[in-house]
Amino acid sequence: MEDREQKITEHIAELRRRVTRIVILLLMILPVIFYFSPELIKRFWQELLNEEMFVYSPLEWLLLRLVFSLILSMIVLYPYAIFELYLFAKPGLYESERKFLKFAMVPSYLLFLIGSYTAYKFLVPILYSFSYGNPFYSAEKTALNAIKLSFAFGIILQIPLAIFLLDKFKVVSYQTLRMLRMPIYLISLLLILNSPTDFGGLTQIAILISFFIMFELSILITSISKR
């Protein structure tokens with residue numbers, strides 16, 4: 001029944017229902033995290049810097065709480081959102097593809113958490129230690145830069161899994177990605193260097209180096225797996 005051919009209107013209606021459920025759950029989680037966000041931000045700050053926090057306006061504090069709560073809500077909701085999207089795509093997948101995606105969903109989330117936590121726990125404090133002068137200009141600027149960097153490393157750590165899946169499903173072969181590595185590096189270089197991050201350019205350098213390492217490692221792992 002679930003594998004029958006559907007009309008485009010049925011696909012759109014099904015996608016709308018699943019996205020609506022995701023949004024409703026997000027709107028339920030967000031206020032709860034927002035309520036506890038002052039204490040969560042303070043703990044985050046102490047773990048990150050262990051220095052005094054400077055807030056220069058009520059609007060700055062409100063914006064920090066909103067963005068912090070939204071990102072944390074999305075991280076909490078991520079497994080459910082991926083599961084809903086998987087159920088939407090499931091009727092159009094072969095059985096082998098379904099099994100493979102089921103296997104990949106959990107490692108993908110774990111890799112994201114590991115990458116984000118590693119950056120937050122080790123990389124961001126190191127970058128701040130190299131900053132000149134007093135880097136703690138404001139709670140909003142400092143915390144959001146740390147969050148963006150942690151989020152970026154969570155994504156970067158999933159590159160090997162993403163390339164493996166692209167090759168596995170024959171979307172883009174690893175041979176093609178290997179041949180296109182220079183254009184990919186150039187585009188990544190332009191995007192990362194023009195990203196709105198801080199630390200006097202140290203963030204961009206750290207992200208670039210990590211991206212290059214993970215991309216090359218991905219090509220190597222996929223090549224070995226095909227043997």
Please determine, by comparing only the residues of segment 18-47 that are loosely packed, with under 12 Cβ neighbours inside 10 Å and of a type in the set (S, T, N, Q), which one is nearest to residue 139 (Cα to Cα). 46
Search segment 102-132 for residues being surrounded by 13 or more Cβ atoms within 10 Å (Cβ to Cβ), touching a residue at least 60 places away in the same chain (Cβ under 8 Å) and aromatic (Phe, Trp, Tyr), and hand back the single one that is nearest to residue 33 (Cα to Cα). 120
If you check residue 191 against the conditions, is it over 24 Å from residue 103 (Cβ atoms) and either at pLDDT 85 or above or in a helix (DSSP H, G or I) (or both)? yes
Name the pairs: first residue in segment 86-101 and under 16 Å from residue 8 (Cα atoms), second residue among the charged types (D, E, K, R), Cβ to Cβ under 8 Å, at least 6 apart or on different chains? 88/14; 88/18; 90/2; 90/98; 91/2; 91/3; 91/4
Subset of segment 167-188 (residues that are outside any helix (DSSP H, G or I), at pLDDT below 85 and surrounded by 11 or more Cβ atoms within 10 Å (Cβ to Cβ)): 169, 172, 173
Restrict the check to segment 48-60 and report whether at least one residue is among the hydrophobic types (A, V, I, L, M, F, W, C), assigned to a helix (DSSP H, G or I) and surrounded by fewer than 13 Cβ atoms within 10 Å (Cβ to Cβ). yes
Residue identified as over 30 Å from residue 24 (Cβ atoms), at pLDDT below 85 and among the small types (Gly, Ala, Ser) among 129, 108: 129
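The values are calculated or read from the model by the stated rules, or taken from the named source; none is laboratory data. All figures in this text were calculated on a predicted structure; none of them were measured in a lab. Cβ sites come from the backbone with ideal geometry, for glycine too, and all protein chains shown count toward neighbours.
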